[in-house]
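Data first, discussion second: the structure below is written as structure tokens.
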Protein chains: 2
Amino acid sequence: MQSFLELAEKRQSDRMYNDQPVEKEKLERILEAARLSPSACNGQPWKIIVVDNFELKNKIADATSSKALGFNHFTKQAPIHLVIVEESTNFSSKIGGLIKRRHYPDTDLGILASHITLAATDEGLGSCVIGWLNEKKVRKLLKIPASRRVALLILLGYPKAAHREKIRKSITDIVSYNIY
Amino acid sequence: MQSFLELAEKRQSDRMYNDQPVEKEKLERILEAARLSPSACNGQPWKIIVVDNFELKNKIADATSSKALGFNHFTKQAPIHLVIVEESTNFSSKIGGLIKRRHYPDTDLGILASHITLAATDEGLGSCVIGWLNEKKVRKLLKIPASRRVALLILLGYPKAAHREKIRKSITDIVSYNIY
């Protein structure tokens, strides 16, 4: 593989996918990379529902679209939808979060999403993290308990479009030394 | 580099560092990997303060320790402390967060921390993300405006201890197919 920096450069949010199915071994390696994700106090507050059933996946895709707002109408193209459910974290992370007034699972889920999308890139796959979804509909479709938050959706598939250059703030905009 | 999965396996929270300084080029590649991190609506709600001044770094280390609770007394060993400050995100991410009752920067900062620690691992460095810090003290030491949240501290340095095996939930505990 390339260096991590090259991998980070290659990863992008893909919004067009072709029909090629994702190989089982690739998906399994991505899920293993997800499993290894670190989290606050090792709480691992997540479950991943792999939606690869064609009809169900299309229903999930409908629950992430908002035609009125023009959001995410491309999601149906991706053959695999990973639905990320937030689970209860452990005692240490909860206590720490209470004292520091933070909800650490939000950060943990960012790390998890990062592992999944970088692992997908490493497998030559495209991915896209979707934060905008109709939780109620997704919960019903996948029989997720009402007590659980449906946090994110991650699309996986072979991308159709080429690599784009990234638009980011410059290093001097975001980095300083020994003082703010 | 190894595969992403091997990199994810190698990354660990290091709590012992030796005296070897971190090369400037390595630090710069890690910061570049951080800069490329994705975020909700590309809001990039972060600033990174590199603390590599010896005295200042030790003061920051004191602000992350809680001797009474036995927390993080090892931080002084790491030659570089990255202080991650949460910045205001952009309009789209704010609006989306309001509607969905989420604070997307928490997730964004998880992604950023993930890029930094994985890039560090790729450079043969150790790292550790610390969520437990005395914000007030850190803010004062680095002249961070009162309006900004000091989100995380990330230690960087050459690790002293060997690789540990990871303790994680099993794949069947966290992954299911087409149903919760």
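With a 10 Å cut-off around each Cβ of A:5-16, the average count of Cβ atoms from other chains is 4. Label points for B:A161 are taken 7 Å from Cα along Cα→Cβ. From this copy to the others they lie 4.5 nm apart, shortest first.
At a probe radius of 1.4 angstrom, the accessible area of chain A per residue rounds to 45 square angstrom. Legend: mean number of C-beta atoms from other chains within 10 angstrom of residue C-beta atoms, peptide B:117-126, equals 3. A DSSP coil position with no more than 11 other Cβ atoms inside 10 Å describes the following GluC sites (Glu not before Pro) in the stretch B:75-180: B:E165. Considering the rotation that superimposes chain A on chain B, the residue of A whose beta-carbon lies nearest the axis, and that distance in Å, is A:G110, 1. Provide, for q = 0.11, 0.16, 0.17 Å⁻¹, the log10 of I(q)/I(0) from a solvent-free Debye sum over equal Cα point scatterers in the stretch A:6-81. Values returned for q = 0.11, 0.16, 0.17 Å⁻¹ are -0.39, -0.81, -0.89. Counting only protein chain heavy atoms and rolling a 1.4 Å probe, the accessible areas of A:K57, B:K76 rank, largest first, as B:K76, A:K57.
Computed from the alpha carbon atoms alone, the convex hull of the protein assembly as shown holds 132 Å³ per residue. In this structure, the amide hydrogen of B:Y17, modeled 1.01 Å from its nitrogen in the peptide plane, lies closer than 5 angstrom to those of B:K160, counting only residues at least 5 positions away or on a different chain. When Rg and the Kirkwood radius Rh are both evaluated on Cα atoms of the stretch A:62-165, their ratio Rg/Rh stands at 1.02.
Expressed as a whole percent, the accessible surface of chain B that belongs to carbon and sulfur atoms is 55, based on a 1.4 Å probe. Taken over the Cα atoms of the stretch A:1-127, the convex hull encloses 137 Å³ per residue. In chain A, a dipole from Cβ-located charges (positive for Lys and Arg, negative for Asp and Glu) runs towards its positive end, and of A:L7, A:L56, A:I30 it is A:L56 whose Cα lies farthest in that direction. Copy-to-copy label distances for B:S13, where each label lies 7 Å from Cα along Cα-to-Cβ, are 3.0 nm in order of increasing length. Taking amide H atoms as placed 1.01 Å from N in the peptide plane, the amide H of B:R149 lies under 5 Å from those of B:E86, each 5 or more residues away in sequence or on another chain.
A label point on B:S176, set 7 Å along the Cα-to-Cβ line, lies at 4.8 nm from each of its counterparts in the other copies, closest listed first.
The values are calculated or read from the model by the stated rules, or taken from the named source; none is laboratory data. Note that the structure is predicted; figures quoted are calculated from it, not measured. Note: ideal-geometry Cβ built from the backbone for every residue, glycine included; neighbour counts use all protein chains shown. To get the accessible areas, we keep the full protein, side chains included, count just its heavy atoms, and leave off ligands, DNA and RNA. Shrake-Rupley method; radii C 1.70, N 1.55, O 1.52, S 1.80 Å.
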